[in-house]
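Right, one structure below, let's go through it.
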Amino acid sequence: MQDIDIHQITEEAIAQMAGTPDARLKEIMEAAVRHLHAFAREVRLTPDEWLQGIAFLTAVGQMCSPIRQEFILLSDVLGLSRLVNVMHDAAGREAAGTETSLLGPFFREGAPEIAMGGSLARSPGGPELVLYGQVRDAQGQPIPHAVMDVWQTNAEGLYDLQAHAPDEMDMRGRLRCDAEGRYFLRTEKPIGYSIPMDGPVGALVRAQARHGFRPAHIHILITAPGHRDLVTALYLSDDPNVDSDTVFGVSKSLVVTPRRDLPDSPAPGAEAVRYDFTLSRARGEGSGRVGADPSTLVPSN
Ligand SMILES: [Fe+2]
């Protein structure tokens, strides 16, 4: 037993955990204790402040339900989900591979099949946007018949789960690329939307004077045998929040600007985006993705 000062307590805590049989658990918890203690020392955390922190984390847990995951939302708004995904990508994505983005909570299995040139919108009405391009491997060779799932908000900023009865699907579809890996679909221009702001994470975001919005985007999941699933999204450059996504999903290479004058557009005159996707070879690693943008399955707005 020795007197414990503000540095010795860290060593004492780590020493007491030294016998942890699981080497990875030992590594993670030692680092967690080291960094948590350093954090408390840096901000000179007071007991009242720590109790406030515990109350916040308690509220985050109490907000969670089978259809809402407030801890993932917390991880998202702190940038931790993005960090973990970037590290995961660095381990498995080939250099030429398209950058990934957050899967988000609105992906659904069983989206309606759409034909080449078909529309994601059940009843098109909003401003039309055409997406086309090619799916290739890291050597630039087309990947024949890759399967693309595409989903997004409608022109009011709502996903089908928010806008319709839960069993109705809209603004999503599954398209099979042709033998040259080409795809072509029509959709409506999505608009940005707010993360759920009615819980403790929303209160934190508001206390930080952040806007809480995600910029307009289109989610895309591409699968092909022998290749790593590509979970990504395209972000519209004219959204005012494209540089300040509350959950840090945007990469520069995923920002697109629709144009009416693309020379090879299959829908001349329409606003269109050409984007060619590059899939990495599969290496057998799990998807392991912390995926969420608004991080709740049935958001409040
Ligand atoms: Fe989204």
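Quick check on the range 199-247: of everything there that is in a strand (DSSP E or B) and not aliphatic (A, V, I, L, M), which residue is farthest from Ser75 (Cα to Cα)?
His227
Go through (1) buried (at least 17 other Cβ atoms within 10 Å of the Cβ); (2) at pLDDT below 95; (3) among the hydroxyl-bearing types (Ser, Thr, Tyr); (4) more than 20 Å from Val231 (Cα to Cα) one by one and return the number of the condition Tyr159 breaks.
Among (1) buried (at least 17 other Cβ atoms within 10 Å of the Cβ); (2) at pLDDT below 95; (3) among the hydroxyl-bearing types (Ser, Thr, Tyr); (4) more than 20 Å from Val231 (Cα to Cα), the lone unmet condition for Tyr159 is (4).
Please go through (1) without any contact (Cβ under 8 Å) to a residue 24 or more places away in the chain; (2) among the basic types (Lys, Arg); (3) touching a Leu at 6+ places or on another chain (Cβ under 7 Å) for Arg24 and return the number of the only condition it doesn't satisfy.
(3)
Quick one: which residue in Gly173, Gly92, Gly192, Gly202 is surrounded by 14 or more Cβ atoms within 10 Å (Cβ to Cβ), without any contact (Cβ under 8 Å) to a residue 40 or more places away in the chain and under 20 Å from the mean Cα position of the chain (by Cα)?
On inspection, the qualifying residue turns out to be Gly202.
Quick one: which residue in Arg182, Arg108 is modelled with pLDDT of 95 or more and closer than 19 Å to Ala233 by Cα?
One residue alone meets the criteria, Arg182.
Among the helices (runs of 4 or more DSSP H) contained in the range 1-77, which hold 3 or more residues that are loosely packed, with under 15 Cβ neighbours inside 10 Å and of a type in the set (D, E, K, R)?
23-43
Would you point out which residue out of Thr20, Thr46, Thr58, Thr10 is of a type in the set (Ser, Thr, Tyr), touching a His at 6+ places or on another chain (Cβ under 7 Å) and over 22 Å from Thr246 (Cα atoms)?
Exactly one residue qualifies, and that residue is Thr10.
Would you tally the residues in the range 150-185 being away from the ligand (no atom under 13 Å from the Cβ), touching a strand residue (DSSP E or B) at 6+ places or on another chain (Cβ under 7 Å) and farther than 14 Å from Gly133 by Cβ?
Of the residues in that region, 4 qualify.
Out of all the residues in the range 205-229, which are in contact (Cβ under 8 Å) with a residue 40 or more places away in the chain, more than 16 Å from the ligand (Cβ to nearest atom) and farther than 18 Å from Val60 by Cβ?
Ile222, Thr223, Ala224, Gly226, His227, Arg228, Asp229 - these are the residues of the range 205-229 that are in contact (Cβ under 8 Å) with a residue 40 or more places away in the chain, more than 16 Å from the ligand (Cβ to nearest atom) and farther than 18 Å from Val60 by Cβ.
In the range 132-156, how many residues are of a type in the set (Val, Ile, Thr) and under 14 Å from Pro225 (Cα atoms)?
Count: 3.
From Ile14, Ile28, Ile67, Ile54, which residue is within 24 Å of the chain's Cα centre (by Cα), among the aliphatic types (A, V, I, L, M) and either at negative phi or modelled with pLDDT under 95 (or both)?
Ile67
The values are calculated or read from the model by the stated rules, or taken from the named source; none is laboratory data. None of these values were measured; they are calculated from a predicted model. Positions of Cβ are generated from backbone atoms using ideal geometry, with glycine treated the same way; all protein chains shown enter the neighbour counts.
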